[in-house]
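Below: one structure, written as structure tokens.
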Amino acid sequence: MEANIAVPNDKKPTWGGGGVRPFGASYGKMMMWFFIVSDALTFSAFLAAYGLTRFKFIDSWPIADEVFTHVPFVHGDFPMIYVAFMTFVLIFSSVTMVLAVDAGHHMNKKKVTIYMLLTIIGGIIFVGSQAWEWNTFINGTYGAVKTTDGKILQFVDSEGKQIALADFVVGDRGDIREQHTKKNGLWFEEESTIAQYSIAQIISSYEANPDVQIRTELIDLEKKQKTILSREKGSEELAKTRLVVEGANLEVNEYGNTIFADFFFFITGFHGFHVLSGIIFNIIIFFNVILGTYEKRGHYEMVEKVGLYWHFVDLVWVFVFTFFYLV
Amino acid sequence: MAHAQSHTKRIWIVFWILSAITIVEVALGIYKPEALNLTSILGTSPLNWIFIILTLAKAYGITWSFMHMEGEKTWFRRAVVWTAVFLIIYLVTLLLIEGDYLYSTLAPLVRW
């Protein structure tokens, strides 16, 4: 038996490597680093898959500047501003985290407590911002239509600026469609939300208003802008409409390729989940600090380990920010 | 770890560098200077290369300073960094080549 099992013979805990410190790093810290390596590979796989798909649809991929343009409480187009704010929040919470670790090295309980609290607050602001971003993305801004060959058509005014369906669609729906609810119909039948406007209504409004033009997903590679169709060609394409799309989900997406929305939900969602678990770890450590656990233990290495995880989450966001919003 | 001098000042310097990089990225992302955005070098626009290089610079700052990689033993650092960097470059290269192939094969079949 003794050849196969580890018998602690020096009164040091076996689970921690029996006190052996290869590379001068403690067991926990080393394992956190190796976990980070594997998690980094997971995120890389997602971002690389995003890259593959984007290359596959390189001539029609949504332009991030035109998708993420909103800032809470303010109207208008502000591409990038809000994500930049989120990036700052995360970098700042990384700084407070590293300050907490630094204070831990000096056994300064009070400072560790304050910096941990600031880190947690930063994390919560970030996750809240991401929830808002998701909400805006899901609800959509302009609305679009999807054709029988699966393309998204958006509407622009005479200057080429995107307009919402509500900005030009007039008149009556034409069909007498009403949302089915369990209350006023068959209780076992469900119906997905009916778009605000009917297809016929959109087509007739387009024909009636010469200022409205149609923009397709196709990117003009010379100008890196989406192509705007002539009125006649637009009318031809619009006749193929199959579906009115408002907002985005896993099946349809008013901004363009559905898979763009899928990747958005998947990658930012997975990252947001990491932030959320990071906040929970931080809260646990925060209370341990207050209770004096690490004071008694004689070192604040737990803060350092959780700090590594927190910085990693920041690190991933730096890449998500670049590859989802900038490039 | 055991040495007790404070790194507070250095931490703030790194913070300001990271913030400055982010501001530059956002400014370039909003204004997209045509000379950088509409030209091409090594397969993509110079603007995209600037973004990628600045991102790697930020990643270096976070890993080396905030995660204190610079203080770890040389071969521990290499076990982590070299492994991750090698596998990521490998994966990204293969997937991007594959994506480009898919585009060249499928795009001619799409009518706009």
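In region A:240-261, the residues that are on the phi > 0 side of the Ramachandran plot form Cβ pairs under 6 Å with partners that are among the β-branched types (Val, Ile, Thr), at six or more places apart or across chains, as follows: A:247/A:138; A:256/A:152. Filtered by the rule that a residue be at the interface with chain A (Cβ under 9 Å from one of its Cβ atoms) and exposed (fewer than 15 other Cβ atoms within 10 Å of the Cβ), region B:75-92 gives a lone residue, B:75.
Output the helices (runs of 4 or more DSSP H) that fall wholly within region A:227-327 and possess 1 or more residues being farther than 27 Å from residue B:45 by Cβ, or say none.
A:231-238, A:269-291, A:293-297, A:301-320
Elements of the type helices (runs of 4 or more DSSP H) sitting completely within region B:27-112 and holding at least 1 residues that are β-branched (Val, Ile, Thr): these cover B:46-61, B:74-106. Answer with yes or no whether residue A:213 is among the polar types (S, T, N, Q), farther than 18 Å from residue A:158 by Cα and buried (at least 17 other Cβ atoms within 10 Å of the Cβ). Considered against the rule, which asks whether it is among the polar types (S, T, N, Q), farther than 18 Å from residue A:158 by Cα and buried (at least 17 other Cβ atoms within 10 Å of the Cβ), residue A:213 comes out as no. Just one of the listed residues (A:53, A:14) is farther than 29 Å from residue A:115 by Cα, of a type in the set (Ser, Thr, Tyr), at pLDDT below 90 and surrounded by 13 or more Cβ atoms within 10 Å (Cβ to Cβ), and it is A:14.
Restricting to region A:242-251, name every residue that is over 24 Å from residue A:266 (Cβ atoms) and surrounded by fewer than 18 Cβ atoms within 10 Å (Cβ to Cβ). Of everything in region A:242-251, just one residue is over 24 Å from residue A:266 (Cβ atoms) and surrounded by fewer than 18 Cβ atoms within 10 Å (Cβ to Cβ), namely A:242. Among the residues of region A:39-67, those identified as facing another protein chain (nearest Cβ under 9 Å) and of a type in the set (S, T, N, Q) are A:44, A:53, A:60.
The values are calculated or read from the model by the stated rules, or taken from the named source; none is laboratory data. Here the structure is a predicted model, which means the values were calculated and not measured. Backbone-built Cβ (ideal geometry, glycine too); neighbour counts: all protein chains shown.
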